[in-house]
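Right, one structure below, let's go through it.
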Amino acid sequence: SSGDARMQAVMRTKLVNTQSLLKAIVTADYKEIDRAALALSRISEMEIVSWQNPPKPDYTAQAVLFMSSVDGLREAAQRRDMEAVGAEYSTLVSTCIHCHTYVRDARLASLTFQRVH
């Protein structure tokens with residue numbers, strides 16, 4: 001559906017920004033860390049508003065953790081604290097994994113339910 005295509009485009013954009021973020025982290029480019037994190041924040045805010053209406057609690061919890069990590073990345077970059085940047089990036093990636101697992105499991109459950117009926 002068009003909603004799925006739109007979500008896939010959002011996820012690709014988030015992936016590109018996350019890859020830019022990793023490059024900035026390994027090169028200690030604090031300005032780019034802040035820029036990439038800000039871009040992720042803006043993308044995620046739009047995603048949160050448009051993806052589910054109303055959002056399911058599990059998704060909301062993952063989105064809040066993701067946004068918190070993005071904010072933490074920006075703060076750590078502004079302090080030029082690479083240790084904190086690394087910790088926040090690790091948390092951010094973890095939230096991506098958990099959220100994608102949640103969405104994948106929800107879709108599988110939905111497909112299974114539809115086949116039963």
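Using θ = phi - 60° and the Karplus relation 6.51 cos²θ - 1.76 cosθ + 1.60, list the HN-Hα couplings for the range 65-73 in order, rounded to whole Hz, with x at every Gly or Pro.
Per-residue couplings from phi come out as 5, 4, 5, 5, 5, 4, 4, x, 4 Hz.
Using heavy-atom solvent-accessible surface (probe 1.4 Å) with all chains present, what is the largest-first order of 31, 56, 14, 23?
My answer, sorted largest first, is 31, 23, 56, 14.
Give me the lysines in straight-line cross-link reach of residue 14: C-alpha distance below 20 Å, same-chain residues under 8 apart excluded.
23, 31
The values are calculated or read from the model by the stated rules, or taken from the named source; none is laboratory data. Only a predicted model underlies this, so the values are computations on that prediction, with no experimental measurement involved. These accessible areas exclude ligands, DNA and RNA; they are computed on the full protein's heavy atoms, side chains included. Shrake-Rupley method; radii C 1.70, N 1.55, O 1.52, S 1.80 Å.
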